[in-house]
Amino acid sequence: VSRRPFIAGNWKMHKTTGEARALASAIVAGLASEGIDVLVAPPYTALTTVADALRGSRVALGAQDVHWERQGAYTGAISVPMLKDAGCTHVIVGHSERRELFGETDEAVARKTRAAIDGGLVPIVCVGETLVEREQARTMEVVEREVERALRALSPAEASAIVLAYEPMWAIGTGCAATPEQAQEVHRAIRRFVARSHGDDVSSALRILYGGSVKPDNMRSLMAQPDVDGALVGGACLEAASFLGIVQASGAA
Ligand code: PEP
């Protein structure tokens with residue numbers, strides 16, 4: 001099965017609209033590699049600006065989070081229709097920072113995943129263990145629980161259209177990426193788990209991204225792993241050169 005490589009940049013709480021326009025334009029201008037899906041996820045306030053800068057390019061636009069309700073009295077929240085209106089095709093759901101810093105539960109992640117699919121956005125669902133959980137040899141248990149909760153209510157067709165991101169929390173923003181072997185071990189386990197829950201076809205079509213201190217230098221060896229289909233990039237996506245370097249490295253595997 002050939003799964004198209006997918007490189008997504010999560011800008012987190014960075015970039016004013018002016019900075020966002022400059023970065024998006026530089027990515028569009030520098031993008032050479034064909035055959036790779038590329039996405040940027042700026043903060044909400046820069047979505048329409050970045051949508052404008054990406055127009056006519058093949059770079060997709062995603063948001064970093066979403067609420068499951070379509071509208072209502074949810075101060076500070078943003079809905080699926082609002083994100084679509086701003087030009088988004090994708091949304092990151094369940095990022096570890098949302099889980100850790102904002103108390104997001106597996107149930108909330110499942111509701112957001114459902115809402116995204118129902119509203120026509122592709123969810124990029126993040127899972128991953130803490131350092132303590134890894135040291136306690138609970139990585140697979142934690143990751144499988146998160147995958148199971150997020151995918152439980154999805155039909156096979158729905159499950160094969162989402163994107164999963166395995167992001168070990170000890171590797172995020174630390175400069176200490178998982179080794180290619182560590183990433184492959186978990187990606188393979190996730191794929192086997194999805195084969196059991198949703199069938200072989202879903203499992204082999206499902207794209208699983210690795211996230212956690214991905215840089216142009218380590219992308220190639222991660223991408224060489226059979227079950228790694230791309231990356232969710234944090235720090236290294238804030239400058240066009242390093243993000244484009246990662247995109248390029250992902251195509252050369
Ligand atoms: C992330 O937060 O999704 C991430 C992978 O961050 P970083 O690349 O900075 O480790």
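Highest average first, the peptides 167-178, 207-218, 130-141, 152-163 ordered by how many other beta carbon atoms sit within 10 Å of their residues are 207-218, 167-178, 152-163, 130-141. Ignoring ligands, DNA and RNA, what percent of the accessible area of segment 133-253 is carbon or sulfur (1.4 Å)? In segment 133-253, the share of accessible area belonging to carbon and sulfur is 49 percent.
Helix-only arithmetic for the chain: the sum of -39500 (n - 2.57) across DSSP H runs with n ≥ 4, divided by the residue total, places the mean residue ellipticity at 222 nm at -13500 deg cm²/dmol. In whole angstrom, segment 36-181 maps to an equivalent ellipsoid with semi-axes of 26, 18, 15, each derived as √(5λ) from the alpha carbon gyration tensor and ordered largest first. Taking 222, 232, 54 as the candidate residues, the one with maximal mean-square fluctuation in a Gaussian network model of the chain, Cα springs under 10 Å, is 54.
Taking all Cα pairs closer than 8 Å and separated by 6 or more residues, the relative contact order of the chain comes to 21 percent. Of the GluC sites (Glu not before Pro) found in segment 1-92, those that fall in a DSSP loop while having at most 13 other beta-carbon atoms within 10 Å are 34, 69. Full extension of the chain between residue 141 and residue 52 yields a length gain of 27.8 nm, computed as 0.36 nm times the residue separation minus the alpha carbon distance. Distance from the alpha carbon centroid of segment 180-199 to that of segment 1-79 works out to 27 angstrom.
Rounded to whole Å, the principal axis extents of the Cα atoms in segment 112-177 read 37, 23, 16, largest first. Taking only the Cα atoms of segment 102-253, the ratio Rg/Rh comes out at 0.95, with Rh defined as the Kirkwood radius.
Annotation: for a label point projected 7 angstrom from Cα along Cα→Cβ of residue 13, residues of segment 75-115 with backbone N closer than 14 Å are 97-103. Working ranking of peptides 37-47, 87-97, 192-202 by packing, defined as the average number of other Cβ atoms within 10 Å per residue, highest first, is 87-97, 37-47, 192-202. For GluC sites (Glu not before Pro), the sites in segment 180-241 that DSSP calls loop and that have at most 16 other Cβ atoms within 10 Å are 239. Based on C-alpha pairs under 8 angstrom that are at least 6 apart in sequence, segment 52-94 has a relative contact order of 48 percent. Each label was represented as a point 7 Å from its Cα along the Cα-to-Cβ direction; for residue 100 and residue 73 these points are 3.5 nm apart. Rg and Dmax of segment 157-225, both derived from C-alpha coordinates alone, stand at 12.7, 36 Å.
Considering only alpha-carbon pairs that sit under 8 angstrom and 6 or more positions apart, the relative contact order computed for segment 16-150 is 19 percent. Put simply, the amide H of residue 165, placed in the peptide plane, has neighbours under 5 Å in 125, 126, 127, 209, leaving out anything fewer than 5 places away on its chain.
The values are calculated or read from the model by the stated rules, or taken from the named source; none is laboratory data. Just so we're clear, the structure is a prediction, and the values are computed from it rather than from any experiment. Cβ: placed from backbone, ideal geometry, glycine included. Neighbour counts: every protein chain shown. Ligands, DNA and RNA are stripped out before the accessible areas are found, and what is left, the full protein with its side chains, is counted by its heavy atoms. Shrake-Rupley method; radii C 1.70, N 1.55, O 1.52, S 1.80 Å.
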